[in-house]
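Trainee: Supplied in structure tokens, the structure appears directly below.
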Amino acid sequence: MGRTQRKRRRKKLVQFYTCNNENSSILLNTWLSDNGLRSSKKLVFAMFETTGRGLLTKKKISAGEELMNLPLNLTINVTSLLMDVLFCRIFLENKISCLLKYKQKVSFQSLMAFYLIHLRAQGVNSKWHVYLESLPKEYTVPYFLPNEMICHIDSEIVNEITKQKNIIVTSFNIFSEVLQNTTCNYIEVQNLGSYFTLSRYEWAYFTVNTRCVYMDLTKLIDSQNLSSTILSLINDNTKISLCPYLDMINHSPNARNETKLIINKDLGNLPLTKLNEDIFSDVRFSIYTKNNFDPYTQVFICYGDSHNLKLITEYGFFLPSNDIDFVPFTFDDINLYLNSRGVKLSGDQIAFINNHGLNKDLYIDLKGLSFNFYGLLMVVKYYYNKNLDISRLIYSAAICSNDRVLIEFIMPMVKDRLVSINVDLDKLCSFSKNMILDNCINLMGQYVNILEKFIKC
Ligand SMILES: C[S@@+](CC[C@H](N)C(=O)[O-])C[C@H]1O[C@@H](n2cnc3c(N)ncnc32)[C@H](O)[C@@H]1O
């Protein structure tokens with residue numbers, strides 16, 4: 001073997017190692033095939049240097065190939081919750097009229113997280129035990145940063161954490177109250193009462209957050225008569241599902257894939273009260289790729305939006321060289337800046353801004369000001385200019401958005417933001433490193449790049 005070949009081989013070796021023969025993988029693979037998973041024989045578990053655990057293909061995969069196909073009963077979806085009589089009894093046999101008191105008070109994701117805890121509390125007695133044991137023990141989202149670090153991370157990341165905390169704490173309190181008042185005295189429900197803690201619920205919430213896939217079962221089940229089921233608690237839709245094995249695939253923004261529900265016999269619209277596992281034994285969920293993958297490379301799918309604020313706060317990872325990142329600004333911040341410069345928006349200007357949605361999507365990216373940010377500045381500067389038609393002017397911004405007057409006007413605010421991010425970055429760099437902190441520092445570093453580029457232009 002020549003020197004270059006040896007070097008290349010060594011490089012490949014440090015990039016991943018397969019772990020299909022480790023005990024935990026064997027256990028999971030056995031459980032998956034016992035429960036009817038059909039997957040491409042080319043796929044194996046591997047640990048990758050950049051993405052952690054994922055799936056590797058041992059042979060070439062071509063666009064159009066199916067990656068795997070799972071029976072519906074091997075996924076945790078809305079029907080799993082409805083068919084779990086014990087789980088439903090927690091709510092239905094209760095001193096509180098839960099379906100009325102908590103009507104539309106929680107998201108489906110929160111209900112799924114509560115359901116995961118219900119399954120986990122059953123330990124080895126749960127059908128899902130092997131799967132639950134295979135899940136990560138902790139997550140790398142900024143939600144789990146200690147307060148002394150949170151006070152130095154960018155306000156946009158803090159906003160996301162605050163939203164998550166509100167949802168999690170509110171729903172945790174609701175489920176705690178439901179458990180305290182349930183009259184269902186099965187031992188599993190009693191155990192759940194003591195097993196249900198905030199930290200376990202947070203784990204479950206982020207398990208659902210980082211691993212769920214989109215699955216629309218509305219063609220399969222009749223969603224009328226919701227009010228008599230636990231689904232009356234939810235304030236959104238039920239189109240997410242946990243899919244063992246499929247959820248081992250990591251994300252690439254360049255991946256393209258599609259999923260489909262394969263329903264062999266005509267099941268029609270099944271009434272919510274008549275669901276059972278046998279009915280679904282013939283329904284399968286399939287995912288196929290639209291990419292080619294070379295032998296001994298990682299297989300990816302795309303999770304959706306790939307900007308880093310979303311990736312770090314929802315999934316706990318950062319993509320370097322991501323040119324769709326942007327630095328958001330709030331309308332309130334901009335308005336404060338205007339006031340500091342002696343500009344007070346009139347009622348007419350504010351109405352125009354609101355009517356044209358120019359108070360949202362205000363950001364700077366590598367290309368410069370967003371359309372709305374530019375439009376907003378036009379309203380600030382030119383609304384009362386008799387020689388200009390402001391509506392026409394705004395739509396011309398789609399073609400040309402380099403009015404130096406507007407850019408120079410906003411420049412001090414941009415420079416201030418850059419200074420304050422750099423001050424916070426200095427503080428954050430003094431803490432000992434971990435992946436969550438690194439992700440936040442990387443994103444803030446990306447903000448610095450974007451703002452510096454804007455200032456230099
Ligand atoms: C659906 S799971 C994928 C499997 C996961 N790696 C595991 O070990 O179970 C999603 C999680 O995988 C990790 N992940 C996915 N894509 C990634 C990527 N491109 N880079 C780094 N981590 C990634 C993140 O931790 C994310 O929350």
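Trainee: Treating cross-link reach as a plain straight distance, find the lysines whose alpha-carbon is under 27 Å from the alpha-carbon of Lys58, omitting any fewer than eight places away in the same chain.
Mentor: Output for Lys58: Lys7, Lys11, Lys12, Lys41, Lys42, Lys260, Lys290.
Trainee: Tell me the net charge near Asn276. Cut-off is 14 Å between Cβ atoms, Asn276 excluded, with +1 for each Lys or Arg and -1 for each Asp or Glu.
Mentor: Summing Lys/Arg as +1 and Asp/Glu as -1 gives -3.
Trainee: Within the set of other residues whose C-beta is less than 14 Å from the C-beta of Asn185, count the net charge using Lys and Arg as +1 and Asp and Glu as -1.
Mentor: The answer is 0.
Trainee: Across the stretch 326-456, how many lysine pairs, 8 or more apart or on two chains, come within less than 25 Å at their alpha-carbon atoms?
Mentor: Total qualifying Lys-Lys pairs in the stretch 326-456 comes to 18.
Trainee: Would you mind calculating the relative contact order of the chain from Cα pairs under 8 angstrom and at least 6 residues apart, reporting the percent as a whole number?
Mentor: Relative CO of the chain lands at 20 percent.
Trainee: Modelled label-to-label distance, Asn292 and Lys163, 7 Å Cα→beta-carbon offset: nm?
Mentor: Distance between the two pseudo-spin positions: 3.9 nm.
Trainee: Oh, and also: Within 10 Å of each residue's Cβ, count the other Cβ atoms and sort Ser227, Ser39 from fewest upward. Don't jump to the answer; show the numbers that get you there.
Mentor: On the way: Ser227 10, Ser39 18.
Least crowded to most crowded, the residues run Ser227, Ser39.
Trainee: Another question about this same structure. For the stretch 188-341, what is the largest minus smallest coordinate of the Cα atoms on each principal axis, given in angstrom and ordered from greatest to least?
Mentor: Principal-axis extents of the stretch 188-341 (Cα, largest first): 65, 46, 33 Å.
Trainee: In addition: With r as the distance between the Cβ atoms of Val405 and Leu270 and R0 = 51 Å, compute the FRET efficiency 1/(1 + (r/R0)^6) and round to 0.05. Working shown, then result.
Mentor: Numbers: r = 63 Å, r/R0 = 1.23.
After rounding, the FRET efficiency stands at 0.25.
Trainee: Can you list the lysines whose alpha carbon sits under 19 Å from that of Lys103, skipping same-chain ones fewer than 8 residues off?
Mentor: Answer for Lys103, where 19 Å is the Cα cut-off: Lys95, Lys239, listed by chain and number.
Trainee: In addition: At 7 Å along the Cα-to-beta-carbon direction for both Asn422 and Asn434, put a label point, then send me their distance in nm to one decimal.
Mentor: About 3.0 nm, to one decimal.
Trainee: Just want the answer: with Cβ charges of +1 for Lys and Arg and -1 for Asp and Glu, which residue in Asn21, Ser340, Val379 is farthest toward the dipole's positive end in the chain?
Mentor: With unit charges placed on the Cβ atoms, the residue in question is Asn21.
Trainee: Hey, what's the Cα Rg ratio for the chain versus the globular rule of thumb, 2.2 N^0.38 Å?
Mentor: 1.14
Trainee: Taking H placed 1.01 Å from N in the peptide plane, check which residues at least 5 places from Val283 or on another chain put their amide H under 5 Å from its amide H.
Mentor: Leu72
Trainee: At 222 nm, what value in deg cm²/dmol follows for the chain if DSSP H runs of at least 4 each add -39500 (n - 2.57) and the sum is divided by all its residues, to the nearest 500?
Mentor: -13500 deg cm²/dmol
Trainee: If you don't mind, there's one more thing I want to ask. For Lys265, go through the lysines and keep the ones whose alpha-carbon is under 18 Å away, minus same-chain ones fewer than eight residues off.
Mentor: Of all the lysines, those that pass the test against Lys265 - Cα under 18 Å, at least 8 places apart if same chain - are Lys219, Lys274.
Trainee: Please give me the summed charge of the neighbours of Lys59: other residues whose Cβ is under 13 Å from its Cβ, Lys and Arg +1, Asp and Glu -1. Intermediate values should be presented prior to the final figure.
Mentor: Numbers: positive: Lys41, Lys42, Lys58, Lys60; negative: Glu65, Asp294.
That works out to +2.
Trainee: What length, rounded to one decimal in nm, is gained on full extension from Ser321 through to Gln180, with 0.36 nm per residue of separation minus their alpha-carbon distance?
Mentor: Numbers: separation 141, 0.36 × 141 = 50.76 nm, distance 4.91 nm.
Working it through step by step, the gained length comes to 45.9 nm.
Trainee: Distances longer than 23 Å among the Cα atoms of the stretch 1-145: what percent of all pairs is that?
Mentor: Everything past 23 Å amounts to 56 percent.
Trainee: With helices defined as uninterrupted DSSP H runs, which ones in the chain have an alpha carbon span along their own long axis of at least 30 Å and mean Kyte-Doolittle hydropathy of at least -1.0?
Mentor: 155-181, 404-429, 435-456
Trainee: Sort out for me the Cα centre separation of the stretch 36-59 from the stretch 121-159, rounded to whole Å.
Mentor: 23 Å
Trainee: Run the numbers for Asn20 and Ser396: contour at 0.36 nm per residue of separation, minus the present Cα-Cα distance, in nm.
Mentor: Length gained, Asn20 through Ser396: 129.7 nm.
Trainee: Still on this structure, please answer the following. Expressed in nm², what is the orientationally averaged projection area of the convex hull enclosing the Cα positions of the stretch 326-456?
Mentor: Its average projected convex-hull area is 8.7 nm².
Trainee: So for Tyr139, Tyr17, Tyr296, fewest C-beta neighbours within 10 Å to most, what's the order? Present the calculation step by step, with values, prior to reporting the outcome.
Mentor: Working: Tyr139 19, Tyr17 11, Tyr296 15.
So the residues, fewest neighbours to most, are Tyr17, Tyr296, Tyr139.
Trainee: Follow-up question, since we're still on this one. What's the exposure ranking of Cys212, Cys184, going from fewest to most Cβ atoms within 10 Å?
Mentor: Fewest-to-most ranking of Cys212, Cys184: Cys184, Cys212.
Trainee: With +1 on each Lys and Arg Cβ and -1 on each Asp and Glu Cβ, how big is the dipole of the chain about its Cα centre, in debye rounded to the nearest 20?
Mentor: Numbers: 50 positive and 43 negative charges, 292 e Å.
It works out to roughly 1400 debye.
Readers should treat all values here as calculations from the given coordinates under stated rules, not as data from a laboratory. In this text, all values refer to a predicted model and were calculated from it rather than measured experimentally. Counting neighbours? That spans all protein chains shown, and the Cβs are built from the backbone with ideal geometry, glycine included.
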